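To start, the structure itself, in structure tokens.
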Amino acid sequence: MGDTLSIKDKRTGRDYEVPIQAETIKAVDLRKIRVKPDDFGLMTYDPGFMNTASCRSSITFIDGDKGILLHRGYPIDQLAEHYSHLEVAYLIVCGELPDERQHRQWRGAIMAETEIPDATNRVIQSFPESDQSMGMLVSAIAALSTCYADAGKVDDPETRRRQMIRLIAKIPTLAAYIYRHQSGRPIVHPSDRSYAGNFLNMMFAGTKPNYEVHPDLEQALDVLFVLHADHEQNCSTSVMRCIGSSRPDPYLAAAGAVGALAGPLHGGANEAVLEMLEAIGSTKRIPEYIERVKKGDFRLMGFGHRVYKNYDPRARIIKRMADQVFKVTGTNPLLDIALELEQIALQDDYFKSRKLYPNVDFYSGLIYQAMGFPASMFPVLFAIGRMAGWVAQWEELIKDPEQKIARPRQIYEGPATRDVPAKAKAEASERA
Ligand code: CMC
């Protein structure tokens with residue numbers, strides 16, 4: 001017999017043995033613990049899924065205490081240094097790094113799908129003038145669902161792979177077209193460049209005389225995409241899986257994931273960090289700002305993580321990359337505030353005792369801003385990188401025979417059954 005957890009229910013005096021596998025018990029195994037035979041059985045209560053594994057996954061591993069992030073076993077720093085985003089996307093989706101031929105085919109398949117349907121472009125062009133980039137991206141991705149009649153055949157591997165490639169291929173184009181629409185500029189069609197280079201060109205071609213994609217910025221952006229490619233069961237990925245579990249096409253699931261990413265506690269944090277640094281305005285005002293964070297007036301954006309209780313390994317790489325980018329763009333004046341804010345926070349007991357460290361969003365916005373992206377596009381850049389993870393996790397869910405429609409339970413605290421009150425006579429006859 002394997003490891004078990006012995007439980008004594010003091011309400012009934014009964015003993016139970018619950019199997020333990022991979023340091024985990026199955027929540028449904030607790031259902032046999034009941035007082036009366038027709039009870040529902042014991043549930044677990046876990047708001048925010050603080051201690052609930054929702055799936056088995058072979059894609060990404062995080063050791064939050066040690067600050068380790070692995071994709072299919074490979075450390076993130078090695079991937080970021082030696083592999084392009086499309087190679088890492090292949091690894092995440094297919095399970096192994098591609099050889100030369102596989103890379104060529106994968107890259108070719110993706111770059112052949114970068115154009116978006118006219119109907120989707122018309123949706124983008126119909127948005128009001130606003131900087132709500134993530135709202136636009138949600139709608140644009142959902143609009144793709146109307147263009148591919150076969151996309152709902154989620155059990156067919158080839159159909160599934162076609163949509164996954166389309167999502168990875170088209171999200172930079174959607175993002176760039178949204179930006180061009182917001183800034184009142186004509187679209188620039190995709191061209192045969194690298195994944196990041198094509199995106200930069202679609203964004204910025206024609207915005208400055210003789211604009212050319214700078215190779216160092218192209219490489220830096222590609223690394224940023226790698227750093228955002230997957231992060232196991234985070235909020236947006238869980239939404240991707242949750243929506244996917246009712247088996248709509250992946251465009252609808254990805255649109256939901258983008259919605260989840262938009263929030264300031266998740267991917268919207270990179271935009272919020274910039275607003276915070278601008279609000280602080282000068283290094284002199286940092287101590288006062290920190291005091292207000294400690295009082296609970298607001299959170300230090302770009303700090304803290306549900307899983308990392310150590311320095312986020314992605315933040316470490318981004319911080320190093322900032323120098324490389326600023327050599328090309330000139331430094332971001334907010335960098336000094338960010339560096340000092342980090343130093344002060346890391347030495348402060350409030351942050352130390354809660355194990356709050358800079359996360360991936362703390363420095364990324366500074367780099368994006370230096371590259372010329374407006375703040376509302378920062379979470380969109382996160383979404384471009386994360387699409388590889390979303391589609392890989394979605395496919396893993398679809399193929400997993402243990403998965404079912406996501407349908408949590410609740411602890412009902414409302415009124416018990418009761419009769420509606422009798423209506424006043426006048427009102428009742430009026431309705432009759
Ligand atoms: N500033 C100040 N206090 C914080 C912060 C912060 N950024 N993050 C957590 N805390 C405190 C929190 O107030 C609580 O204190 P206490 O125990 O006294 O009540 C304690 O730390 C634990 O916080 P929590 O809210 O229970 O932690 P969580 O795991 O639910 O939240 C988080 C994780 C990322 C939402 C949170 O740390 C946060 O809001 N950070 C700021 C937003 C941010 O940078 N988000 C990006 C996350 S990384 C990339 C991504 O996922 O997109």
Using only DSSP helix segments of four residues or longer, with each worth -39500 (n - 2.57), what per-residue ellipticity at 222 nm results for the chain after dividing by its residue count and rounding to 500? -15500 deg cm²/dmol
Normalising by the residue count of the stretch 4-44, find the relative contact order in percent from Cα pairs under 8 Å and 6+ residues apart. 27 percent
Within straight-line cross-link reach of K10, aspartates and glutamates at Cα separation under 19 Å, skipping those fewer than 8 residues along the same chain: D29, D38, D39
Which stretch or stretches of the stretch 89-118 have amide N atoms under 11 Å from the point lying 7 Å from H189's Cα along the Cα→Cβ direction? 115-116
Once Lys and Arg are counted +1 and Asp and Glu -1 for all other residues with Cβ under 11 Å from that of T237, the total becomes -1
With a point put 7 Å past each Cα toward its Cβ, work out how far K26 is from R101 in nm, to one decimal. 4.2 nm
If you scale each eigenvalue of the Cα gyration tensor by 5 and take the root, what three semi-axes come out for the chain, rounded to whole angstrom and sorted largest first? 39, 29, 26
Max mean-square fluctuation residue, GNM over the chain, Cα-Cα springs under 10 Å, options Y308, Y16, Y45: Y16
Please report, in whole Å, how far the alpha carbons of the stretch 4-44 spread along each principal axis, starting with the longest. 31, 18, 13
By how many nm would the segment from A109 to E81 lengthen if fully extended, with 0.36 nm per residue of separation less the alpha-carbon distance? 7.7 nm
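Mind checking the full-extension length gain between K8 and A279? Use 0.36 nm per residue of separation minus the Cα-Cα distance, one decimal, nm.
Answer, rounded to one decimal: 92.1 nm.
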Proportion of all alpha-carbon pairs of the stretch 41-89 beyond 16 Å (%): 56 percent
Taking only the alpha-carbon atoms of the stretch 336-383, the convex hull volume per residue, in cubic angstrom, is 78 Å³
Could you work out the relative contact order of the chain, using alpha carbon pairs under 8 angstrom and six or more residues apart, expressed as a whole percent? 19 percent
Highest-first arrangement of 349-355, 207-213, where packing means the average Cβ count within 10 Å: 349-355, 207-213
Using the Kyte-Doolittle scale, find the helices of the chain whose mean hydropathy is at least 0.5 and whose Cα atoms extend 20 Å or more along the helix's long axis, counting only whole DSSP H runs. 378-399
Find the Cα radius of gyration of the stretch 34-176, compare it with 2.2 N^0.38 Å by division, and give the number to two decimals. 1.41
Computed FRET efficiency, Cβ-Cβ of N51 and S429, R0 45 Å: what is it to the nearest 0.05? 0.20
Dipole size in debye (nearest 20) for the chain around its Cα centre, Lys and Arg Cβ +1, Asp and Glu Cβ -1? 1140 debye
Top mean-square fluctuation among R72, R180, R306, Gaussian network model of the chain, C-alpha springs under 10 Å? R306
Using 32 Å as the Cα-Cα cut-off, could you pick out the over-long pairs in K36/K399; K32/K355; K208/K309; K153/K309; K170/K404? K36/K399; K32/K355; K208/K309; K153/K309
Looking at the chain as a GNM with Cα springs under 10 Å, which of E129, E271, E218 has the largest mean-square fluctuation? E129
Cut-off under 5 Å, modelled amide H: who pairs with F303 long-range: N359
Between Y16 and Y311, the two model label points (7 Å from Cα along the beta-carbon direction) sit apart by a distance in nm of 4.5 nm
Using amide H atoms built in the peptide plane, which far-off residues or other-chain residues are under 5 Å from Y211 H to H? G206
Which percent of Cα-Cα pairs in the stretch 1-107 sits in each 5 Å bin, short to long? 2, 9, 14, 14, 12, 10, 9, 8, 8, 6, 4, 2, 1
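Coordinate-derived values only; no laboratory data. Remember, predicted model here, so these are calculated numbers, not experimental data. Positions of Cβ are generated from backbone atoms using ideal geometry, with glycine treated the same way; all protein chains shown enter the neighbour counts.
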